[in-house]
Amino acid sequence: MSKPWVLGLTGGIGSGKSAAADTFAELGIETIDADHAARWVVEPGRPALDKIVERFGETVLLDDGQLNRAVLREHIFTEPEQRQWLEGLLHPLIRDEIQQFLEAAQSPYAILVSPLLIESGQNKIVQRVLVVDVPSEVQMARALQRDQVSEAQLRAIMQVQLQRDERLKHADDVLSNAADKAALQREVSRLHDYYLTLKGGQ
C-alpha cells in the first residue's frame, strides 16, 4: 500500500476549517489538527508543560494541573519575545507529533489541519494546500459568537494569521464557506472525488 499524500487544510479563525475537516473525516479520510497536537504536547506529565511552568510560574496552571491557556495567552500576546520562546519550544514537538500521525495514516490521502499552516512553515510537509475562505466580516462574526473572546483578542489572533489575500496566494484549491453546512458538505464531497484521482497530490 502506498503512503498517502498529505493535504494541508487552512483558513483564518472562524472560517470553518474544523467543519470542513470533519466532513472529510466522515468520508474516511484521516485528519490531524495541529491545534490538537499542540494540546497533546502540553498535557500534564509531558516535558513541555514543566518548561512552561518553569518560565512563567505556577499561575499558568489550573487547579487540576492542566495548562491555563487564558493566562498563558495574556503573557504571549503582550510580549513578543515570550511568544517566540514558546514557539521555539513547542513547534518541534508538534511537528514530531504530526509526522508520526501522518506516517501511520492509511487513507488514500491524509489531512493536516492548521490555522498557521503557511506562517509556521508546515506547508513544507504537505503536497497540496486547500484554503477554506470566507469574507472577513463573516469570519469575525462567527469567531466572536463561537469563541466568546473579546473583539480585541480576536483582532490580536487575526494579526498573527496571514491576511486573507496572502493566504489565498498559497492555495492549490479554495473552498468558499460563506453559505450553509449543506453547501460546505457538497463542496467537500466534490473535492474529495477529485483528490482520489490525484497521484501524490498533483
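Bear in mind these aren't lab numbers, they're just calculated from the coordinates by the rules spelled out. All values reported here derive from a predicted model rather than from experimental measurement. Here the Cβ is made from the backbone with ideal geometry for all residues, glycine too, and neighbour counts use every protein chain on show.
Per-residue HN-Hα couplings for segment 131-136, Karplus 6.51 cos²θ - 1.76 cosθ + 1.60 at θ = phi - 60°, whole Hz, x for Gly and Pro?
Result, rounded to whole Hz: 9, 8, 10, 9, x, 4.
If the viscosity is 1.306 mPa s and the temperature 10 °C, what translational diffusion coefficient in µm²/s does Stokes-Einstein give for segment 89-202 when Rh comes from Kirkwood over Cα pairs?
99
Most exposed first by the Cβ proxy, i.e. fewest other Cβ within 10 Å, how do Trp40, Trp85 rank?
Ordered from fewest to most neighbouring Cβ atoms within 10 Å, Trp40, Trp85 come out as Trp40, Trp85.
Return an integer: the convex hull volume of the alpha-carbon atoms of segment 37-106, in Å³ per residue.
93
Ordered by residue, what ³J(HN,Hα) values in Hz, to whole numbers, does segment 70-78 give under the Karplus form 6.51 cos²θ - 1.76 cosθ + 1.60, where θ = phi - 60° and Gly and Pro are x?
In residue order, the calculated couplings are 4, 5, 4, 4, 4, 4, 7, 7, 8 Hz.
From the cross-link list Lys3/Lys51; Lys17/Lys124; Lys3/Lys169, which pairs have alpha carbons spaced over 30 Å apart?
As for pairs spanning more than 30 Å Cα to Cα, those are Lys3/Lys51.
Just for the Cα atoms in segment 143-202, what are the lengths along the principal axes, largest first, rounded to whole Å?
44, 26, 16
Kindly write out, for segment 141-153 in residue order, the coupling ³J(HN,Hα) from the Karplus curve 6.51 cos²θ - 1.76 cosθ + 1.60 (θ = phi - 60°), rounded to whole Hz, with x marking Gly and Pro.
4, 5, 5, 5, 5, 7, 8, 6, 9, 6, 4, 5, 5
Please give the length that would be gained between Glu74 and Asp147 if that part of the chain were fully extended, namely 0.36 nm times their separation in residues minus their C-alpha to C-alpha distance (nm, one decimal).
Result: 24.7 nm gained on full extension.
Local charge sum around Glu103 (other residues, Cβ-Cβ under 13 Å, Lys/Arg +1, Asp/Glu -1)?
That sum, taken over residues with Cβ under 13 Å, equals -1.
Using only the Cα atoms of the chain, what are the Rg and Dmax in Å?
Rg and Dmax of the chain, Cα atoms, are 17.5, 52 Å.
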